[in-house]
Amino acid sequence: MTESPLDPHSPEADLVLGPVGQEIVFENDRVRVWHIRLEPGEGQPLHRHDHPYLVVAVQGAKNVIQTVDGVKIDADEPTGGVVYRDPGAVHMLTNIGDTTYLARLVELK
């Protein structure tokens with residue numbers, strides 16, 4: 001699977017997007033694994049997932065996903081929880097809870 005660039009005619013084409021996580025901790029030809037850490041009140045910048053992915057909550061928290069269109073989606077992630085998500089959406093993630101959120105995000109190439 002190859003990464004697909006944004007459609008140059010989409011409203012998202014002018015956005016400056018950040019990385020999926022803070023650090024790539026493992027990568028090969030099949031997967032890329034990101035480390036994500038968000039303190040209470042901290043958020044990730046707008047970003048886009050070009051691959052399907054799994055999120056493994058190492059330390060869970062109460063999070064909110066906000067799409068580029070402003071839609072807010074509750075994303076409570078309990079410790080040890082695993083979530084699969086499809087690629088494509090431009091969004092940001094904010095820890096609205098009172099605990100540090102730690103996760104590994106595994107992109108499937």
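Quick note: the coordinates plus some simple rules give every number you see, no bench work behind them. For clarity, every value in this text was computed on a predicted model and none was experimentally measured. All Cβ positions, glycine included, derive from the backbone under ideal geometry; neighbour counts span all protein chains shown.
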Can you tell me the length gained on complete extension of the stretch Y84 to K72, counting 0.36 nm per residue apart and subtracting the Cα distance? 2.5 nm
Extension reserve of the E23-D50 stretch, reckoned as 0.36 nm per residue once the Cα distance is removed: 8.0 nm
If R0 = 35 Å, then D98 and R30, at their Cβ-Cβ distance, give a FRET efficiency to the nearest 0.05 of 0.45
Debye log10 I(q)/I(0) at q = 0.12, 0.15 Å⁻¹ for the chain, Cα point scatterers: -0.39, -0.62
